[in-house]
Amino acid sequence: MQTWKNPLLLISGIGVSNLGNWIYFVAINLLILDLTGSPAAVAGLFIIRPLAVLVTNTWSGSLIDRMNNRHLMIITDVVRGILIGCIPFINSLWGIYVLMFIVNIAGSLFGPSSTTYMTKLVPPEKRKRFNSIFSFTSSGAFLVGPSISGLLIMYTSIDVCIFINAISFIVCALIIYYLPNVDNQTEGKRERITLAHVSQDWKSVLHFSKTAGYFSFIYLLFQIATLIGFALDSQEATFIKGVIGLTERDYGLLLSIAGGAYLAGSSAATLVANKISLRMFIGLGMILTAGGYFVFYSSSTLFLAAVGFIIFGVFSAFANTGYMTFFQNNVPINMMGRFSSTTNLIQAIIQIVFTLMLGFLAEILSLQFICLVFSGISIVISIVLCIFVYRPAKIHYYELSEVSKA
């Protein structure tokens, strides 16, 4: 159990900030709505993160791979905590947008940094179980956070929820402070990041993508299927209310069901992490995740919609755990930050394109038909993914013994 002390400490720190994020998510939407009375202003919140990624991720990977990851995680958490703590004192919509933009820039640094740190901290033989436990805490935050936020808003105020999120980032920073420094080799070797460094780093990522052709292909298929899912998520509320004819209360119930299903899936993934192959986590997990979307958008009743959410929730936990383990085992640690930042930039662009495309087609055609087409495409991509994952000649990408040798 002693070997799990630091990994569990890391999970608890990030888990606290994730819980704070979900408490804050409900509160910031209500704050903007109260401030402006405009649904469009609330929708603007969902554009800020992709914009921050587009601005940041051209250079952030170069910074992440050259800085001490633990120090960078602490700095970004403290910055996010301070800035979010300032939001209740601002009465300007654009002032809040600017603060949130900076917060999301810090978040785009924290994400790849934490992935790199996790990979260095957790040995290969423990990664699958670690990722399943991490997924469990994330789903728990998703399930519990909005409920806590609702109670806090009911009995206190929106500002209290925002302050709690600010405190959660500071707590996360304190917990990370007590984790070991796995980047000792970078001390005393700081170098100023220049355009030449950024350009060279992009070339390095491109070179790695070409030389690791099989990994890149699997990564691409997984991300495309996932990004189609993100686009489908944008039409979720419209479909539930406009096509099925359910109420906002029913929508809240379905979200709770999805959160509970993801929590159950994460628990199951944790229990069977050492008994089920990584290939099954990725391949079958992704097919059933896409299948959950198809069932949901095929539904005409609350029951069938709930079945789709349950299928999606349970098996997306398996798919995400498998993907993260596959990623950690096959991307060199010394370029993980650059690879994550570069691909996140591309993913943000694709996500915006897919979301706008689906929304535009849904305006001129049937929403249900377009969503079923997108879900069907995701299923086909997932089946192709599963076929290539199970190619016998590529088993060394998934077997722990081969990963350890590498």
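We did not get these values from a lab; they are worked out from the coordinates using the rules stated. Just so it is clear, the structure is predicted and the values come from calculations on it, not from any experiment. Every residue, glycine among them, receives a Cβ derived from its backbone with ideal geometry; neighbour counts consider all protein chains shown.
Put a plus charge on the Cβ of each Lys and Arg, a minus charge on the Cβ of each Asp and Glu, and nothing anywhere else: the dipole of segment 200-406 about its Cα centre is then about 600 debye. Springs between Cα atoms under 10 Å define the GNM used for the chain, and in it the highest mean-square fluctuation of L361, L302, L345 occurs at L361.
With Rh defined as the Kirkwood radius, the inverse of the mean 1/r over Cα pairs, the Rg/Rh of segment 70-166 is 1.05.
For the chain, the alpha carbon convex hull comes to 147 Å³ per residue, rounded to a whole number. From zero up to wherever the largest Cα-Cα distance of segment 200-406 sits, split into 10 Å bins and tell me the percent of pairs in each. It works out to 8, 31, 34, 19, 7, 0, in whole percents. Across segment 63-78, computed HN-Hα scalar couplings (Karplus, 6.51 cos²θ - 1.76 cosθ + 1.60, θ = phi - 60°) run 5, 4, 6, 10, 9, 5, 4, 5, 4, 5, 4, 5, 4, 5, 5, 5 Hz from first to last residue, x flagging Gly and Pro. Candidates S216, G111, G140 compared by Cα position along the dipole of the chain: farthest toward the positive end lies S216, with charges placed on Cβ. Annotation: average projected area of segment 1-183 is 10.7 square nanometres, based on the convex hull of Cα atoms across all directions.
A dipole drawn for segment 1-183 from +1 and -1 charges on Cβ atoms has a positive end, and of I162, I175, N29 the residue lying farthest that way is I175. Between L271 and N6, the FRET efficiency estimated from the beta carbon spacing at R0 = 22 angstrom works out to 0.50. Each part gets one Cα centre, and for segment 343-389 versus segment 103-164 those centres are 26 Å apart. Dividing the mean sequence gap of close Cα pairs (under 8 Å, 6+ apart) by how many residues the chain holds gives a relative contact order of 25 percent.
Under a Gaussian network description of the chain, with springs only between Cα atoms under 10 Å, the residue in G322, G15, G213 that fluctuates furthest is G213. Please list, in order, the residues from segment 104-132 whose amide nitrogen is less than 19 Å from a point placed 7 Å along the Cα→Cβ vector of L54. Hits in segment 104-132 for L54 at 19 Å: 104-109. Taking 0.36 nm per residue of separation and subtracting the Cα-Cα distance, full extension of the segment from S199 to L174 would add 5.5 nm.
Of the residues S108, S340, S299, the one that moves most in a GNM of the chain with alpha-carbon contacts below 10 Å is S299. Think of each Lys and Arg Cβ as +1 and each Asp and Glu Cβ as -1; about the Cα centre, that makes the dipole of the chain roughly 1140 debye. Full extension of the chain between I377 and L93 gives 98.4 nm of extra length, using 0.36 nm per residue less the Cα-Cα distance. In the structure shown, the pairs K5/K120; K203/K394; K5/K128; K275/K394 are assessed against 22 Å; a Cα-Cα span above that value is assigned to K203/K394.
Taking the Cα centre of segment 1-183 as reference, the dipole from Cβ charges on Lys and Arg (+1) and Asp and Glu (-1) amounts to some 580 debye. If the segment from I167 to S298 were pulled out straight at 0.36 nm per residue, it would be longer than the present Cα-Cα gap by 42.9 nm.
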